[in-house]
Amino acid sequence: MGAEGGNNYEKKAVLDELSIGKISKIIGVKNIIPFMEFRNTNVEINRGKDKGWAQIYGIDFKDIEKLGFKIGEGIFPMNKNEAIAGSGIAEQFYREKRGEYNPVKVDLLKDKFELSFIQYNSENMEEDKLVKKINITCVLTPSFDMSNYYLLISKEYFIEIANLLNKNIKRSEEKIPINKYSIAEVQVGKEGD
């Protein structure tokens with residue numbers, strides 16, 4: 001019943017393994033590639049005092065080819081703390097000095113990086129910080145979309161980090177979901193494709 005019946009509630013869609021399975025069975029769906037995303041958490045990529053930005057996603061690395069991403073340099077990740085970087089990330093680094101933000105050059109494949117996860121509480125106050133090492137092993141070829149700014153980590157590493165971050169979160173609605181996805185790319189095609 002609607003609002004006039006007194007039962008005014010909203011059911012939210014959930015993007016989990018069950019719903020991914022259901023979507024994949026729809027006629028015409030060739031692939032569905034889910035992404036996990038950190039929420040209520042600011043994530044920085046650091047190289048010493050230099051800070052950078054990227055859109056960080058947890059993904060099953062076996063889906064990279066389905067997304068059409070091509071490796072421009074480096075080798076495909078083999079270990080948990082390794083990552084795939086979009087080509088535009090290297091241009092997103094700066095060094096702050098007395099309120100000024102000066103661009104710096106980085107080498108995504110040679111330099112050492114850390115991810116800093118800064119969590120905020122419901123009053124928007126910084127609550128906790130976690131730092132994890134990340135080794136970028138390959139860089140994607142440039143594209144004409146936002147994937148230039150993606151930093152893709154393995155789904156397993158995402159879940160490990162999310163579990164560590166969730167230990168300090170008191171309110172369940174602020175926790176990072178580890179069994180749900182934020183977005184998914186659905187690829188459709190004609191029969192026989």
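The values are calculated or read from the model by the stated rules, or taken from the named source; none is laboratory data. These numbers were taken from a predicted model, which means no experiment stands behind them. Positions of Cβ are generated from backbone atoms using ideal geometry, with glycine treated the same way; all protein chains shown enter the neighbour counts. Ligands, DNA and RNA are stripped out before the accessible areas are found, and what is left, the full protein with its side chains, is counted by its heavy atoms. Shrake-Rupley method; radii C 1.70, N 1.55, O 1.52, S 1.80 Å.
Amide H contacts of I178: none lie under 5 Å away among residues 5 or more positions distant or on a separate chain (H built 1.01 Å from N in the peptide plane; Pro and chain starts excluded). Under 1.5 on a/c is rounded, so check that first for region 79-180, then, if it is not, pick prolate when a/b is larger than b/c and oblate when it is not; a ≥ b ≥ c are the square roots of the alpha carbon gyration tensor eigenvalues. Cα axes put region 79-180 in the oblate bin.
Placing a pseudo-label 7 Å from each Cα along the Cα-to-Cβ vector at N166 and I23 gives an inter-label distance of 2.0 nm. Relative to one another, the C-alpha centroids of region 74-90 and region 21-63 are positioned 13 Å apart. Per residue, region 69-193 exposes an accessible area of 63 Å² to a 1.4 Å probe, with every protein chain left in place. Computed on region 79-193, with alpha-carbon pairs under 8 angstrom and 6+ residues apart, the relative contact order is 31 percent.
Normalised by 2.2 N^0.38 Å, where N is the number of residues, the alpha-carbon radius of gyration of region 36-96 equals 1.24.
Dividing the convex hull volume of the alpha carbon atoms of the chain by its residue count gives 183 Å³ per residue. In the chain, what percent of the accessible surface is made up of carbon and sulfur (1.4 Å probe, ligands and nucleic acids excluded)? Here it works out to 50 percent. Restricting attention to the chain, close to 80% of DSSP beta bridges with both partner residues there are antiparallel. Its relative contact order, with pairs defined as Cα atoms under 8 Å and 6+ residues apart, puts the chain at 33 percent.
Would you please classify the overall shape of region 68-125 from the alpha carbon gyration tensor, given that a ≥ b ≥ c denote the square roots of the eigenvalues, rounded means a/c under 1.5, and beyond that prolate means a/b larger than b/c while oblate covers the rest? Cα axes put region 68-125 in the oblate bin.
Would region 143-193 count as rounded, prolate or oblate if I go by the C-alpha gyration tensor, calling it rounded below 1.5 in a/c and otherwise prolate when a/b exceeds b/c, oblate otherwise? Cα axes put region 143-193 in the prolate bin. Applying both filters, DSSP loop and at most 16 other Cβ atoms within 10 Å, to the trypsin sites (Lys or Arg not before Pro) of region 11-90 gives K11, K12, K25, R39, K49, K70, K80.
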